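Peer 1: Sharing a structure with you now.
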Amino acid sequence: MNEILKSLHDRKSVRVFTEEPISDADKTQILEAALAAPSAGCQLLYTILDITDQAKKDQLADLCDHQPFIAKAPMVLIFCADCQKWLSFYQEAGLTPRTPGSGDLLLAVEDAVIAAQNAVTAAQSLAIGSCYIGDIMENVEGIRSLLALPSYVYPAAMLVFGHPTASQLERKKPERFALSDLVCENAYQKKSGEEIRRMFNGHTGAKTYDDWMEAFWKRKYESDFSREMSRSMDVYLKEFQE
Ligand SMILES: Cc1cc2nc3c(=O)[nH]c(=O)nc-3n(C[C@H](O)[C@H](O)[C@H](O)COP(=O)(O)O)c2cc1C
């Protein structure tokens, strides 16, 4: 396995960090790697917020589903899909741009998330761990106010970074499904009940498939946080539909 593949397979989410700060040189390398990611039309349709204020980290820990490790992370980056700056660029040239639509938002989200993943990979190459925080997409009112987000700016991805503790390095990476369960040739193929059960074989711990799936469904799909994420998205999206 070559070095890049090994690094991709070795990476796992890190949620406990040592006290060691992230050097300015490492932070710059991580940010520059993010900007080197592919980008639609090379427009770089995002703005990265580098959260260095401890009070803001504390509030993010609270607003993002009460996850205290966010406040302890030496580096916190938020990748915002940014259609606002694009409007400003057009207006600066004397143009009259239309209101950005949901397609513009989606393109900017793709740009932002791809850049974020480059940051993850760059950090891994520097022995710095990271973890995505999906809950940045919730609590739209609180997040907007905390980060002074203008219209047409959507916080698409948040990442916390730091040097992993020994126990985090030893932690087993969650297992993935088999390739054949995720890849369809040429066209989408809906799985049969039998194929679904085979796919989850060995992935449900001591539980049966039905018990495991019901618990997961309650914890994730039917959870307050997932409903809140959709409510917040609707608020952001409304702007893009006006
Ligand atoms: C979009 C996204 C949102 C996530 N949000 C959280 C989060 O809020 N809190 C957390 O502890 N982990 C979060 N994670 C990390 C996942 O739990 C983790 O990637 C998954 O369990 C697979 O483990 P691995 O990253 O160690 O391979 C998130 C990951 C992604 C991609």
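The numbers here are math on the coordinates, done by the rules we state, and not lab data. Note that the structure is predicted; figures quoted are calculated from it, not measured. When we count neighbours, we look across all protein chains shown, and the Cβ atoms used for this are built from the backbone with ideal geometry, even at glycine.
Peer 1: Based on Cα positions only, what radius of gyration and what Dmax would you give for the chain, in angstroms?
Peer 2: 19.8, 64
Peer 1: Which lysines, on any chain, are close to LYS172 with Cα under 16 Å apart, when same-chain ones fewer than 8 places away are left out?
Peer 2: Straight-distance partners of LYS172: LYS6, LYS12.
Peer 1: Follow-up. Sequence-distant or interchain residues sharing an amide H contact under 5 Å with TYR46, placed H: which?
Peer 2: ASP82
Peer 1: Please list 3J(HN,Hα) in residue order for the range 153-164, calculated via the Karplus relation 6.51 cos²θ - 1.76 cosθ + 1.60 where θ = phi - 60°; whole Hz, with x for glycine and proline.
Peer 2: 10, 10, x, 7, 8, 10, 10, 10, 10, x, 6, x
Peer 1: Find how much the distance from MET213 to ALA178 grows on full extension, using 0.36 nm per residue of separation minus their present alpha carbon separation; answer in nm with one decimal.
Peer 2: Full extension of this stretch gives 10.8 nm more.
Peer 1: Mind listing which GluC sites (Glu not before Pro) in the range 1-56 are in a DSSP loop and have 11 or fewer other Cβ atoms within 10 Å?
Peer 2: Sites meeting the loop and neighbour criteria: GLU19.
Peer 1: P(r) for the range 148-215, please, calculated from all Cα pair distances in 5 Å bins and given in %.
Peer 2: In whole percents, the pair-distance histogram is 3, 11, 12, 14, 11, 13, 15, 12, 8, 1.
Peer 1: Just want the ordering: LYS207, LYS12, from fewest to most Cβ atoms lying within 10 Å of their own Cβ.
Peer 2: Ascending Cβ contact count within 10 Å gives the list LYS207, LYS12.
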